[in-house]
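Asker: Here's a structure for you.
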Amino acid sequence: NLLKLWDGACAVTGVREPRVLRSSHIKPWADSSVAEKVDHFNGLLLIPNLDTLFNEGLITFQADGCVSVSDKWDRSDQRRMHITNDTHLRSVFPESRAYLEFHREERFLA
């Protein structure tokens, strides 16, 4: 379902190579109810570097899909990884907004 939701491409970059795409829960599995664990709107399809940054709380996404970068992440590494203010989700589904809010409030290293 996540592949269908994101049209088989990374939610940020649009990369379509299935061997490098990772399914990532927005609200982590450990914090989710049974229904939230299987809700495809609680998921992002991401390339590995973005998946890791998101899971570690070094980036998050605002309600409009724009990236927020943690102040706890070295700026030179951000440049090396090409994470800029232009980085954003290709779409934001209304059903995903509460999950994104949880990530911003509970997982993001502000």
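Asker: When you count, for each residue, the other Cβ atoms within 10 Å and take the mean per peptide, how do 23-35, 42-54 rank with the highest first?
Answerer: Order by mean packing, descending: 42-54, 23-35.
Asker: Just the accessible area per residue of the chain, please: how many Å² with a 1.4 Å probe?
Answerer: Value for the chain: 57 Å² per residue.
Asker: Further question: Ranked highest first by average number of other Cβ atoms within 10 Å, how do 98-105, 63-70 line up?
Answerer: For the peptides 98-105, 63-70, the packing ranking is 98-105, 63-70.
Asker: Right, next: Using a 7 Å offset from Cα along Cα-Cβ at Thr13, what residues in the range 79-102 end up with backbone N under 15 Å from the label point?
Answerer: In the range 79-102, the label zone of Thr13 (backbone N under 15 Å from the point 7 Å along Cα→Cβ) covers 79-84, 87-90.
Asker: Tell me, what is the percent relative contact order of the range 1-84, built from C-alpha pairs under 8 Å that lie six or more residues apart?
Answerer: Averaging sequence separation for qualifying contacts and normalising by length gives 25 percent for the range 1-84.
Asker: Still on this structure: Compute the Rg/Rh shape ratio of the range 2-110: radius of gyration over Kirkwood radius, all on alpha-carbon atoms.
Answerer: Here Rg/Rh amounts to 0.94.
Asker: Please list, or write none, the lysines whose alpha carbon is within less than 26 Å of the alpha carbon of Lys72, excluding same-chain residues fewer than 8 places away.
Answerer: Result set, ordered by chain and number: Lys27.
Asker: Using θ = phi - 60° and the Karplus relation 6.51 cos²θ - 1.76 cosθ + 1.60, list the HN-Hα couplings for the range 87-97 in order, rounded to whole Hz, with x at every Gly or Pro.
Answerer: Values, residue by residue: 5, 7, 5, 5, 8, 10, 7, x, 5, 8, 4 Hz.
Asker: Considering only protein heavy atoms and a 1.4 Å probe, what is the carbon-and-sulfur percentage of the accessible area of the chain?
Answerer: Using a 1.4 Å probe with all protein chains present, the chain comes out at 51 percent carbon and sulfur.
The values are calculated or read from the model by the stated rules, or taken from the named source; none is laboratory data. These numbers were taken from a predicted model, which means no experiment stands behind them. In this analysis, Cβ positions are derived from the backbone assuming ideal geometry, glycine residues included, and neighbour counts consider all displayed protein chains. We work out accessible area using only protein heavy atoms, side chains counted, and drop any ligands, DNA or RNA first. Shrake-Rupley method; radii C 1.70, N 1.55, O 1.52, S 1.80 Å.
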